[in-house]
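To keep things clear, I will list the structure first and then write my remarks on it.
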Amino acid sequence: MDASYFYAFKEDSVNEISKYIFNMINGEKKILILCIGTDMCTGDSFGPLTGTLLRRNNCPCTVIGDLENIVHYNNLKETIKYIRCNYEDYFIIAIDASLGDRDNIGKITIEKGSIFPATALRSKNLSIGDIAIKAIVNRYSSIKSANEYILQQTRLYHVYSMAEILSNALLKAINNNLIQCENLDTYNRLSAFL
């Protein structure tokens, strides 16, 4: 499936992103949000910032990865193993920062399928998720060693703003999904008595 792009700083971006995510998670009752990245690199802090904002706002889902408990490339393999053992039947939304074309900086991409973390710096050897959400925080260089420098030179304000927008959109989509699931459960219980 092709990725859908949403410009994060557009006026109605929270609602647009929320509706799109809602349609993707529609009916899922067990959702895990995996927020990948590190606070040691400004551009790569998108995932942990998003996880922290979700936790602060009492996200009703399981959230793994925030500023206190970082999930980054060095512990990702163990984290994936932990998730597959303990959250086997969960719908997984994987979140990470990304580098991209200059025209796409500030966009959030959402696509069905797994995320491949750290591809700007390393090869694609790890993947996880039913939905992959990436924030394009800066431009990509064909010289892999330059990408680490580019990530470190990314403005925190933009990364934080994008994390705030995505966390608000996720919370709205997840809460709407929970309401729909509860209404459906209530309807099914009532129908059983008729």
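If the requirement is being β-branched (Val, Ile, Thr) and touching a Leu at 6+ places or on another chain (Cβ under 6 Å), which of these qualifies: Thr109, Thr52?
Details: Thr109 fails: touching a Leu at 6+ places or on another chain (Cβ under 6 Å).
That would be Thr52, the only listed residue that is β-branched (Val, Ile, Thr) and touching a Leu at 6+ places or on another chain (Cβ under 6 Å).
Exactly one condition in (1) at pLDDT below 95; (2) more than 19 Å from Met24 (Cα to Cα) is false for Gly113; which is it?
It is condition (2) that Gly113 fails.
Quick one: how many residues across region 84-104 are farther than 15 Å from Pro48 by Cβ and touching a Phe, Trp or Tyr at 6+ places or on another chain (Cβ under 6 Å)?
2
Return the only residue of Arg102, Arg56 being over 29 Å from Ser142 (Cα atoms), of a type outside the set (Asp, Glu) and out of contact with any helix residue (DSSP H, G or I) (no Cβ under 8 Å at 6 or more places or on another chain).
Arg56
Name, by its number, the condition in (1) open to solvent by less than 60 Å² (accessible area, probe 1.4 Å); (2) at pLDDT 85 or above; (3) among the β-branched types (Val, Ile, Thr) that does not hold for Ile179.
If we test Ile179 against (1) open to solvent by less than 60 Å² (accessible area, probe 1.4 Å); (2) at pLDDT 85 or above; (3) among the β-branched types (Val, Ile, Thr), just (1) comes out false.
Please enumerate the residues belonging to region 134-175 that are in contact (Cβ under 8 Å) with a residue 60 or more places away in the chain, among the β-branched types (Val, Ile, Thr) and outside any helix (DSSP H, G or I).
Listed by number, the residues that qualify are Val137, Thr154.
Assess whether Asp89 counts as being without any contact (Cβ under 8 Å) to a residue 40 or more places away in the chain and over 15 Å from the mean Cα position of the chain (by Cα). Working first, answer last.
Values: without any contact (Cβ under 8 Å) to a residue 40 or more places away in the chain: no; over 15 Å from the mean Cα position of the chain (by Cα): yes.
So Asp89 fails the test.
Hand me the list of strands (runs of 3 or more DSSP E) wholly inside region 1-117 holding 1 or more residues that are open to solvent by 20 Å² or more (accessible area, probe 1.4 Å).
Qualifying strands (runs of 3 or more DSSP E): 4-7, 62-64, 91-100, 107-112.
The values are calculated or read from the model by the stated rules, or taken from the named source; none is laboratory data. Just so you know, these numbers come straight off a predicted model, no measurement behind them. Neighbour counts are summed over all protein chains in view; Cβ atoms, including those assigned to glycine, are modelled from backbone coordinates with ideal geometry. Quick note on the areas: whole protein, heavy atoms, side chains included, nothing else; ligands and nucleic acids left out. Shrake-Rupley method; radii C 1.70, N 1.55, O 1.52, S 1.80 Å.
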